[in-house]
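The values are calculated or read from the model by the stated rules, or taken from the named source; none is laboratory data. Given the structure is predicted, the values throughout are model-derived calculations rather than measurements. Glycine also receives a Cβ, built like all others from the backbone with ideal geometry; neighbour counts cover every protein chain displayed. Accessible surface is based on the protein model in full, side chains and every heavy atom, while ligands, DNA and RNA are left aside. Shrake-Rupley method; radii C 1.70, N 1.55, O 1.52, S 1.80 Å.
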Amino acid sequence: MIEARDLRVDLCGIELAHPVLNGSGTFDAIAAHDVFGDILLERFPFSAFVSKTITPEPRPGNPPPRLWEETDGVINSIGLPNKGLGGFLEKDLPRLAALPVPLIVSVMATSAEEFAGLVQAISERSEVAAIELNVSCPNVKSGLVVGESPDECASLVSALRVLTEKPLIVKLTPGADPVPVAMAAETSGADAFSLVNTLKASPLSPAGDGHWLGAVSGGLSGPTIKDLALAQVSAVADAVGLPVIGMGGVSSGADARSFLEAGASAVAVGTENFRDPEAGSRIARELEDLG
Ligand SMILES: Cc1cc2nc3c(=O)[nH]c(=O)nc-3n(C[C@H](O)[C@H](O)[C@H](O)COP(=O)(O)O)c2cc1C
């Protein structure tokens, strides 16, 4: 008899049934619940749910068009539309707390003070298992993209570390070498890393009249970035002693296994969710079948 492979993972003290999460912003669990009903809760595709990134104030997102399809990926300039902290706590959190898996809330702000407000408010909520810091935004004071600067990232993580006992996952950007940033954040008290976020890209209009996206540039994701993501995940996993959630183009169990072999403790599925809403459970199943 073939024994089922035990896929359970401990991620910073959070028990996961398998290593497949969603990438922030790529699966709307509330809309999916409305469309698919309770079957979604019975067959939830991910072992933990990562929320869309929330910001202190509501954001409408970027002007359209906000999506460009590549042969093997997409470029999005969605621009973090969200209800803001207040709207999230009031409207989204009660629904996300009803999901059958641990909840990770992704936050982004443009100053340490704003980040602190988000982390403090989220930290008070027992429904939340961990906080993901999306550090892809520029610090309004220094102008530096926090996730591209080891010093900026270290000082942000130090400032937030004292505010919460919940695990802090730092989501690294592929726009700069993530290794020095990860090493600095580890020293400052980060608990885990997730990478990669999207890569900056500016598609041109097929009509030849300039840029396609309303915001001019967006972020490239999907299978086309997988090899780059694998290299960065492997470099970060080698350099730090903390768990790494690997992502970037994961669309099969074999992809997931490549990230785990590169040193990731878990993987996240992003763009593939738009093609196959059940991708998370399929990929976990395929991973199990790979033995
Ligand atoms: C439409 C879309 C929206 C996204 N929104 C967010 C977001 O709100 N916060 C975040 O940290 N990453 C966001 N991402 C990045 C993904 O979480 C992931 O890091 C990236 O897409 C790479 O994974 P993939 O190639 O599997 O999509 C978004 C990606 C896409 C395609």
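When the square roots of the Cα gyration tensor eigenvalues are ordered a ≥ b ≥ c, the ratio a/c for the range 134-291 is 1.5 or more and a/b does not exceed b/c, which makes its shape oblate. Accessible surface of S234, taken over heavy atoms with a 1.4 Å probe and every protein chain present, rounds to 40 Å².
When the accessible area of the chain is computed with all protein chains present and a 1.4 Å probe, what percentage of it is carbon and sulfur? Heavy-atom surface of the chain belonging to carbon and sulfur, 1.4 Å probe: 53 percent. Solvent-accessible surface of the range 70-156, averaged per residue with a 1.4 angstrom probe and all protein chains in place: 41 square angstrom. Placing R66, R275 in order of accessible area, with the largest value first and a 1.4 Å probe, yields R275, R66. Within the listed set A17, A109, A256, the residue fluctuating most in the Gaussian network model of the chain (springs between alpha-carbon atoms under 10 angstrom) is A17.
The helix-based estimate of mean residue ellipticity at 222 nm for the chain, built from -39,500 (n - 2.57) per DSSP H run of four or more residues and divided by its residue count, is -9000 deg cm²/dmol to the nearest 500.
Taking all pairs of different Cα atoms in the range 102-207, averaging 1/r and flipping that mean, what Kirkwood radius in angstroms comes out? Kirkwood hydrodynamic radius for the range 102-207: 14.0 Å.
Only lysine pairs 8 or more places apart or on separate chains count here, and in the chain those with Cα atoms under 23 Å apart total 15. Measuring with a 1.4 angstrom probe and ignoring ligands and nucleic acids, K171 comes out at about 10 Å² accessible.
Looking at the square roots a ≥ b ≥ c of the eigenvalues of the Cα gyration tensor of the range 184-233, which shape do they give, rounded for a/c under 1.5, prolate if a/b is larger than b/c, or oblate? In terms of gyration-tensor shape, prolate.
Report the local net charge at P223: Lys and Arg +1, Asp and Glu -1, summed over other residues whose C-beta lies under 10 Å from its C-beta.
Net local charge, P223 excluded: -4.
Percent of Cα pairs in the range 1-130 per distance bin of 5 Å, from zero to the largest separation: 2, 9, 17, 20, 19, 16, 11, 5, 2, 1, 0, 0.
Ranked from largest, the principal axis spans of the Cα set of the chain equal 61, 52, 39 Å. Ligands, DNA and RNA are left out, and with a 1.4 angstrom probe the accessible area of the range 207-291 is 40 Å² per residue. Near V145, once Lys and Arg are set to +1 and Asp and Glu to -1 for all other residues with Cβ below 15 Å from its Cβ, the sum equals -1. Give me D for the range 59-134 in µm² s⁻¹, whole number, from Stokes-Einstein with Rh from the Kirkwood sum over alpha-carbon pairs, 10 °C and 1.306 mPa s. The Stokes-Einstein estimate is 112 µm²/s.
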